[in-house]
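Okay, so here's the structure we're looking at.
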Amino acid sequence: RTETATGPLLLAREGRKVYDLTTARRSVESFRDLARVAATLEVGVDEVAGRLLDDAALLDDDAVSDPDRPVVAEEVWAAGVTYEVSSDAREAESGRPEIYQDVFTNERPEIFFKATPSRTVGPGEAVGVRGDSDWDVPEPELGVVVYEGEIVGYTVGNDVSSRDIEGQNPLYLPQAKVYDRCCSVGPCVASPETVGDPRDLELSMTIERDGETAFEGSTSTSNLARSPEELVSYLTRHNDLPELTVLLTGTSVVPPEEFTLREGDAVDIDIENVGTLSNGVTQV
Ligand code: DO4
Ligand code: MG
């Protein structure tokens, strides 16, 4: 979705071709509209987009160079300690290994409230580091897009976090996680068909500082200890979600302990079959 002089556009990408779905005879204005039609017809979002392509305008690829947030979910939730590497990092920063070992092996996952639309940024916008924290990191995560409780697609998410604040005491988690510009989502929603197996995707993150690479790391979602379906099933238990929700599935790329994110850094997160989410960093 991107803003133009004529208003919002909903774009569908098919290979190298990009279509403006808002120009189709049966116009849809947002990913929410697309998911709504798909749910009504009991088909996937790809099927609906495919039916609209025939009479939708084919765009010049330049028109999508600076896309806005592809999905504005009322709520973003996040799972934590879903990869062993995250469990190890949390154990080290808190000095309380039992808490994190427990949640890694227990049946119930850690799921926490992450962000509202007002705290979420899109591609090209700056994510925030808290002014009262000295140790901050981006957390590159596979995001699951949930419409009326069902998985309708995947996106890239950044669960920006204060290791400083969570490390002082795990009960400070909401302050370490929820603040201005604490979350980024984008650059697109990839359908389940496009993604294939969500637990077999390459994921990488690069952080540039002053024109140099300050950190790079990569991993695979095959190390994710829980399936997206399991995480969504816990999220939706006794918890009536809004129409559209994003659930981040946890981080598995953790910069070394001496690294902290700074104002002016540039963070690129790439997930195979989904896309690359790029954000600057500002202090909030
Ligand atoms: O308990 C801390 C949350 C960890 C987290 O956000 C993650 O593993 O991604
Ligand atoms: Mg996280």
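Three principal axis extents describe the C-alpha atoms of the range 37-162; from largest down they are 59, 35, 23 Å. Quick one: helix 31-41 against the long Cα principal axis of the chain, what's the angle to the nearest 10°, folded into 0 to 90? Computed tilt is about 70 degrees. Over the range 213-269, the fraction of Cα-Cα pairs per 5 Å bin, rounded to whole percents and listed from the shortest bin up, is 4, 12, 20, 17, 13, 14, 12, 7, 1.
Based on the convex hull around the alpha carbon atoms, the range 75-283 presents an average projected area of 10.3 nm². Annotation: amide H of Ser161 within the under-5 Å range of Val137, Glu139, sequence separation 5 or more or interchain, hydrogens built in the peptide plane.
For the chain, the carbon plus sulfur part of the accessible surface works out to 44%, probe radius 1.4 Å. For the range 123-244, place one equal point scatterer on every Cα, skip the solvent, and apply the Debye formula. What is log10 of I(q)/I(0) at q = 0.21 Å⁻¹? Summing over Cα pairs of the range 123-244 leads to -1.40.
Spatial offset of the range 193-254 relative to the range 48-116 amounts to 5 Å, using the alpha carbon center of each. 3J(HN,Hα) along the range 267-279: 10, 10, 10, 10, 10, 3, 6, 10, x, 10, 9, 10, 9 Hz, from the Karplus curve 6.51 cos²θ - 1.76 cosθ + 1.60 with θ = phi - 60°, whole Hz, x for Gly and Pro. Full extension of the chain between Asp240 and Gln283 gives 12.1 nm of extra length, using 0.36 nm per residue less the Cα-Cα distance. DSSP loop (so not H, G, I, E, B), at most 10 other Cβ within 10 Å: list which GluC sites (Glu not before Pro) in the range 177-273 pass both filters. Here the GluC sites (Glu not before Pro) that fit, given the DSSP loop and packing criteria, are Glu258. Calculated FRET efficiency, Phe259 to Leu58, Cβ-Cβ distance, R0 = 51 Å: about 0.70 to the nearest 0.05.
Annotation for Ala92 and Asp197: the two label points, set 7 Å from Cα along the Cα-Cβ direction, are 2.9 nm apart. Entry note, the chain: relative contact order of 22 percent, from Cα contacts under 8 Å with a spacing of 6+ residues. Placing Phe113, Phe215 in order of accessible area, with the largest value first and a 1.4 Å probe, yields Phe113, Phe215. Alpha-carbon geometry of the range 2-64: the Rg and the Dmax are 11.2, 34 Å, given in that order. In the assembled protein chains, Leu34 presents an accessible area of approximately 10 Å² (probe radius 1.4 Å).
The values are calculated or read from the model by the stated rules, or taken from the named source; none is laboratory data. Not measured: the values here are computed from a predicted model. Note that each Cβ is placed from the backbone with ideal geometry, even for glycine, and that neighbours are counted across all protein chains shown. Each accessible area value is taken on the protein alone, full model and side chains, heavy atoms only, with ligands, DNA and RNA left out. Shrake-Rupley method; radii C 1.70, N 1.55, O 1.52, S 1.80 Å.
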